[in-house]
There are 4 protein chains.
Amino acid sequence: MPGEFRMTRRVQFVETDLAGVLHFSNYYRWMEEAECGFWRSLGLKVVNPHEGGHMSWPRAATSCEYFAPARFEDELELTLTVAAVGERSVTFEVEFRRDGERIARGRSTGVCCIMSDGAFRSTRIPDDIRSKLT
Amino acid sequence: MPGEFRMTRRVQFVETDLAGVLHFSNYYRWMEEAECGFWRSLGLKVVNPHEGGHMSWPRAATSCEYFAPARFEDELELTLTVAAVGERSVTFEVEFRRDGERIARGRSTGVCCIMSDGAFRSTRIPDDIRSKLT
Amino acid sequence: MPGEFRMTRRVQFVETDLAGVLHFSNYYRWMEEAECGFWRSLGLKVVNPHEGGHMSWPRAATSCEYFAPARFEDELELTLTVAAVGERSVTFEVEFRRDGERIARGRSTGVCCIMSDGAFRSTRIPDDIRSKLT
Amino acid sequence: MPGEFRMTRRVQFVETDLAGVLHFSNYYRWMEEAECGFWRSLGLKVVNPHEGGHMSWPRAATSCEYFAPARFEDELELTLTVAAVGERSVTFEVEFRRDGERIARGRSTGVCCIMSDGAFRSTRIPDDIRSKLT
């Protein structure tokens with residue numbers, strides 16, 4: 001299905017905390033793994049050379065809701081979908097499931113930016129990328 | 001001021017990414033540091049012994065908006081405020097500033113839970129804690 | 001081959017730093033992933049229920065040598081071998097390669113411990129585990 | 001004392017694991033914080049502009065021995081010393097103590113490098129830096 005990416009990921013020991021569960025901040029790291037996997041599936045990277053600088057997608061906003069805890073060595077299935085494409089931004093939604101049970105759902109909005117000399121400048125999403133996203 | 005906590009934190013090298021900025025997921029780690037600092041300032045821990053088990057505050061939802069990048073060795077000032085107190089949950093808001101400029105703003109909602117035998121069961125916020133929060 | 005475990009792992013964005021390479025501390029996280037994979041391949045976990053408490057392998061010593069940098073989205077092949085088995089400890093060695101080129105080599109020594117009430121007490125490696133290790 | 005740097009650091013919630021202790025990999029992150037603090041105390045950064053590129057200190061080797069576990073909210077005192085200065089490298093040693101009790105001791109060797117176009121090239125330590133280190 002276009003605009004979708006799936007991956008499976010196991011909870012690592014270092015990702016748990018003393019409450020015995022996957023720490024809430026790590027869901028954001030997993031969301032990014034799914035995003036990068038999605039970009040790769042399009043033949044792109046989250047950071048690409050572009051007109052003498054680099055194009056990247058710094059986040060403008062991220063969020064996550066948590067429905068049930070995940071534990072050490074649990075295998076979660078992540079499903080990323082493209083939720084919205086704007087003039088200069090893209091929003092992904094990622095669902096986390098374990099054996100079909102919904103564990104969490106996250107969203108992240110990245111802004112299409114040219115990076116040069118350490119600064120970010122937003123730009124319109126190039127047409128060739130836009131057509132792959134929609 | 002009651003219901004407020006301030007701390008200063010420097011961006012560490014390991015917290016940057018190849019784009020040269022504080023990785024977006026690390027804001028959530030910093031938010032938690034501010035929350036734990038707040039609980040400490042009340043004489044509490046984010047995890048407390050309670051009636052034979054432990055009381056803790058697993059997150060139900062977190063979010064963050066990013067306004068400007070932070071870079072290696074930047075010193076950010078975090079201000080946590082109690083944004084809402086429900087029957088069983090508390091919502092914190094954390095502002096991130098650098099020399100007065102707003103860098104990011106995050107929110108996190110934790111649910112008052114008893115942990116025992118590795119399971120979480122939500123419970124009403126005890127009155128002594130509620131009175132410290134409001 | 002007994003006493004060996006292989007896995008492949010891609011460098012994630014969050015694992016890079018502003019120098020553009022896999023941060024040196026993350027090699028230790030990867031070493032642990034290989035260790036846990038090895039334990040799983042033996043039908044064990046790095047933390048197992050044992051005689052009313054849990055058995056685990058807290059590290060006594062770890063080390064790593066770095067031969068070449070790894071970069072975003074590089075795929076590294078890790079090969080774990082059992083380097084030594086003592087009365088109460090086991091030492092693993094993990095080689096990191098990219099297309100055959102040696103990137104790093106780490107070692108880690110864990111001590112067989114019973115955890116109960118939050119304390120660790122070292123113990124002889126049980127015979128059934130020892131026989132799987134050697 | 002020249003060639004020495006001290007700092008205090010509290011164990012954060014996210015830094016613990018399901019065994020309830022500071023995860024062994026995080027000691028390396030703390031060692032780097034001490035190193036960067038040491039460079040700052042000399043008026044330097046771990047990454048400095050240098051002759052059109054940047055000078056940095058990628059690690060050639062790191063190691064750590066662990067003597068006792070550290071737990072959530074423990075305050076550890078870190079003492080960094082310059083253990084050796086070579087032609088092109090510097091070795092730091094960091095001791096971790098809690099109320100005087102030794103918790104861990106780590107070492108890390110960094111190589112003086114010029115980074116340009118994403119590559120590292122080792123170089124002699126400039127005299128002005130060498131004189132500050134010894």
State the number of residues belonging to segment A:79-100 that are assigned to a strand (DSSP E or B) and under 18 Å from A:Leu133 (Cβ atoms). 13
State all residues of segment B:79-94 that are touching a Ser or Thr at 6+ places or on another chain (Cβ under 8 Å) and either at pLDDT below 95 or open to solvent by less than 40 Å² (accessible area, probe 1.4 Å) (or both); if no residue qualifies, say none. B:Val82, B:Ser89, B:Val90, B:Thr91, B:Phe92, B:Val94
Kindly indicate whether any position in segment D:22-30 is under 28 Å from C:Ala119 (Cα atoms), in contact with a Gly (Cβ under 9 Å, 6 or more places away or on another chain) and more than 7 Å from every other protein chain (Cβ to nearest Cβ). yes
Would you pick out the residues in segment B:48-78 that are outside any loop (DSSP other than H, G, I, E, B), in contact with a helix residue (DSSP H, G or I) (Cβ under 8 Å, 6 or more places away or on another chain) and not hydrophobic (A, V, I, L, M, F, W, C)? B:Thr62, B:Tyr66
I'm told D:Asp117 meets every condition in (1) more than 11 Å from chain C (Cβ to nearest Cβ); (2) open to solvent by 40 Å² or more (accessible area, probe 1.4 Å); (3) at positive phi except one. Can you identify the failing condition by its number? (1)
Output the qualifying pairs, or none if there are none: Cβ atoms under 6 angstrom, residues six or more apart or on different chains, first residue in segment D:70-92 and farther than 21 Å from D:Pro58 by Cβ, second residue in a strand (DSSP E or B) and among the polar types (S, T, N, Q). D:Phe72/D:Thr16; D:Glu75/D:Thr8; D:Glu77/D:Thr8
If the Cβ limit is 7 Å and pairs must be 6+ apart or interchain, which residue in segment A:5-21 that is at the interface with another protein chain (Cβ under 7 Å from one of its Cβ atoms) pairs with which residue that is of a type in the set (Gly, Ala, Ser)? A:Val14/D:Ser25; A:Leu18/D:Gly20; A:Ala19/B:Ser56; A:Gly20/B:Gly118
Hey, does segment C:101-113 have a residue that's of a type in the set (A, V, I, L, M), closer than 30 Å to A:Gly118 by Cα and either in a strand (DSSP E or B) or open to solvent by less than 20 Å² (accessible area, probe 1.4 Å) (or both)? yes
Is there a residue being in a loop (DSSP other than H, G, I, E, B) and modelled with pLDDT of 95 or more anywhere in segment D:25-47? yes
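The values are calculated or read from the model by the stated rules, or taken from the named source; none is laboratory data. Given the structure is predicted, the values throughout are model-derived calculations rather than measurements. Glycine also receives a Cβ, built like all others from the backbone with ideal geometry; neighbour counts cover every protein chain displayed. Surface areas here come from the heavy atoms of the whole protein model, side chains and all, with no ligands, DNA or RNA. Shrake-Rupley method; radii C 1.70, N 1.55, O 1.52, S 1.80 Å.
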